[in-house]
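Novice: First, the structure itself, so that you have it in front of you.
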Amino acid sequence: MRGHGQPAVASPLHPYAPDHEYGFLAALIDQTTLEQAAAEASQCGATLHEVLLATGRVSQLAYAAALAGRLGVPLVAWDAHLAPDGAQHSGGEPGLQAHIDGRAHRALSATNAGPAILARRVAALRAQGLDVALAPQLLIDAALEIRTRPERLDRAVLGLLRTRPASSAGTTITTVQSIAIWGVAGLLIGGFGVLPDVTLTALTALIAIPFLCVTALRLVALRQVIASPKRMARSAGTRPERTSERLLPVYTVLVPVFREASVLPGLVQSLRALDYPAAKLEIFIVLEAIDVETQAAVARMALPGNFRSLVVPEGGPQTKPKALNYALQFARGDFVVVYDAEDRPQPGQLRRAWDVFSQSPPSLACLQAQLNIYNPRQSWFTRQFAIEYSVLFDAILPALESLRLPVPLGGTSNHFPRALLVEIGGWDPYNVTEDADLGVRIARLGYQTGVLASTTWEEAPPVFRVWLTQRTRWLKGWMRPCQAIE
């Protein structure tokens, strides 16, 4: 995966010529396919091998083996022991060593630089008297993940609690909050004992205030829908000017999956349909350590080259936000989006999000895509969900955005600038409704959330039992963000 700002490899020679730096690929791929990949690389500003690997035309292992043969160095095998060697490679690579035939070798990634650059690095290291080997990036990533797993897991679970304890549901109730709760309870008991009629009237009026605010918000949303129907219309009919692929940033897609092996084929198909250069798109299928069934299903699949499965180790609360925090530490994209396993985002959603971010002030911390239901006719419950989602995401959330009020995020299709998401602490692993919590925190920290005119289609629960479990979890989570408001 190309880092943002890394220049593409250019050469006046034909990519299939023997003396071209990619000439060694002649044994792996035909000339027509190589020329197509070279054209794609030139169009999106990536290196040729990034396009080949991301689109699955060549596997990482085959590419590394062919390049190792060209450079005359050994290839690090799957059973080799990769370990830190306490040094840094030129270019800032982590120092890893591999033992091959009883000798220690400096292991370089075969894919984080072009062949010409790697050839110079190999020559420089050999001049220092070091033995050099090449390894597929996936082997290096796996070795580094194993080494850093405890630290990453600790940050995923306790990062927000340490840096912003008042914003984490893992914080126990404070003394001030306890005094306030008991004080209100005492006033109610005393009021009903001394002036029951007055207390009941005051309590009724107090309870009515939130309902009045909700009604006012819905009237504002209805007025906006009537006044600006085009703004609330589905985005499929609008076609903004297409951004040059060279200008597009690297995008990371995080998809937490738990006991959902049956939806994996549809998920991969939907994500492959995204209209975004494969070489600038990395997709993480985030799995739980205890979910061996889904892990096995992923292992049986031939995932595209820019997909990667990531297993979250056991420890701490086993929640979706913890999994997202863990995966976020591996993300290389300038922007991050979260999808659920059953999601079907519109193909142009990432491009549309980048268009909005590129024209917005730095205070825009998140874009929430509109959500709707793709199975509304399955049952009465799914029809109600479709109505609810249409009202919420096409009317209520745009009204909150226009009023500059906190926008409670949905659990999916949230787009973030990665650096800003890290700065505000990511997700709260102790909150069962981490989306609503993050939306409130974004507003508290002075940032804004926008509503993206692009739809992600979801599956609604078709039966009462599933609906009740989901709705109970939502209501529980909605009460937790209020605990953190100072």
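Read-outs: derived from the displayed coordinates by stated rules, not from any lab. Small disclaimer: the values here were computed from a predicted structure and weren't measured. Don't worry about glycine lacking a Cβ; one is built from the backbone with ideal geometry, like all the others, and counts go over all protein chains shown.
Novice: Please state the charge dipole magnitude for the chain, taken about the Cα centre, from unit charges on C-beta atoms (+1 on K and R, -1 on D and E), reported in debye and rounded to the nearest 20.
Specialist: Computed charge dipole of the chain: roughly 800 debye.
Novice: Further, regarding this structure: Please report, in debye to the nearest 20, how large the charge dipole of the stretch 23-139 is about its Cα centre when each Lys and Arg carries +1 at its beta carbon and each Asp and Glu carries -1 there.
Specialist: 300 debye
Novice: Explain nothing, just compute: Karplus ³J(HN,Hα) = 6.51 cos²θ - 1.76 cosθ + 1.60, θ = phi - 60°, for every residue of the stretch 363-370 in order, whole Hz, x for Gly and Pro.
Specialist: Whole-Hz 3J(HN,Hα) from phi for the stretch 363-370: 6, 6, 9, 7, 10, 9, 5, 6.
Novice: From Cα pairs below 8 angstrom and at least 6 apart in sequence, can you work out the relative contact order of the chain, rounded to a whole percent?
Specialist: 16 percent
Novice: Take every Cα-Cα pair in the stretch 228-483 and report what % of them are more than 24 Å apart.
Specialist: Taking all Cα-Cα pairs of the stretch 228-483, the fraction more than 24 Å apart is 46 percent.
Novice: While we're looking at this one, here's another question. Is the shape of the stretch 137-192 rounded, prolate or oblate, going by the alpha carbon gyration tensor and its root eigenvalues a ≥ b ≥ c, with a/c under 1.5 for rounded and a/b larger than b/c for prolate?
Specialist: It comes out prolate by the Cα gyration axes.
Novice: Here is a further query. Assign one of three labels to the stretch 176-224, namely rounded, prolate or oblate, based on the Cα gyration tensor with a ≥ b ≥ c the square roots of its eigenvalues; rounded applies when a/c is under 1.5, prolate when it is not and a/b is larger than b/c, and oblate otherwise.
Specialist: oblate
Novice: Taking the Cα atoms of the stretch 121-217 alone, what are Rg (to one decimal) and Dmax (as a whole number) in Å?
Specialist: Every Cα atom of the stretch 121-217 included, Rg and Dmax give 30.1, 91 Å.
Novice: Determine by what factor the alpha-carbon radius of gyration of the stretch 347-462 differs from 2.2 N^0.38 Å, reporting the quotient.
Specialist: Cα-based Rg divided by the globular estimate yields 1.08.
Novice: Report ³J(HN,Hα) in whole Hz for each residue of the stretch 400-416, in order, from the Karplus equation J = 6.51 cos²θ - 1.76 cosθ + 1.60 where θ = phi - 60°; Gly and Pro get x.
Specialist: With coefficients 6.51, -1.76 and 1.60, one gets 4, 4, 5, 8, 6, 9, x, 9, x, 6, x, x, 8, 6, 9, 9, 9 Hz.
Novice: Counting pairs of alpha carbon atoms under 8 Å apart in space and at least six apart in sequence, what relative contact order in percent does the stretch 228-483 give? If you can, show how the numbers build up before the last one.
Specialist: On the way: 445 pairs, mean separation 61.1, N = 256.
Value for the stretch 228-483: 24 percent.
Novice: Could you state the per residue volume, in Å³, of the convex hull enclosing the Cα atoms of the chain?
Specialist: Output value, Cα hull per residue: 179 Å³.
Novice: Continuing with the same structure: Which order do the peptides 51-57, 241-247 take when ranked by the mean count of other beta-carbon atoms within 10 Å per residue, highest first?
Specialist: Listed from highest to lowest mean packing, they are 51-57, 241-247.
Novice: Tabulate in residue order the Karplus-calculated ³J(HN,Hα) for the stretch 317-331, using 6.51 cos²θ - 1.76 cosθ + 1.60 with θ = phi - 60°, rounded to whole Hz; enter x for Gly and Pro.
Specialist: Result, ordered by residue: x, 8, 10, 4, x, 5, 4, 5, 4, 5, 5, 4, 6, 9, 5 Hz.
Novice: What ranking, highest mean first, results for peptides 248-258, 309-319, 269-279 when packing means the other Cβ atoms within 10 Å averaged over each residue?
Specialist: Going by the mean number of other Cβ atoms within 10 Å, highest first, we get 248-258, 269-279, 309-319.
Novice: Which three lengths, in whole Å and largest first, does the stretch 21-86 cover when its Cα atoms are put on their principal axes?
Specialist: The principal-axis extents, from largest down, are 38, 24, 19 Å.
Novice: Quick check: convex hull over the Cα atoms of the stretch 258-358, volume per residue in Å³, rounded to an integer? Can you show the working numbers first?
Specialist: On the way: hull volume 10.3 nm³, N = 101.
Given the Cα convex hull of the stretch 258-358, per-residue volume reads 102 Å³.
Novice: Let me know the volume per residue of the alpha-carbon convex hull for the stretch 23-139, in Å³.
Specialist: Cα-based convex hull of the stretch 23-139, divided per residue, equals 103 Å³.
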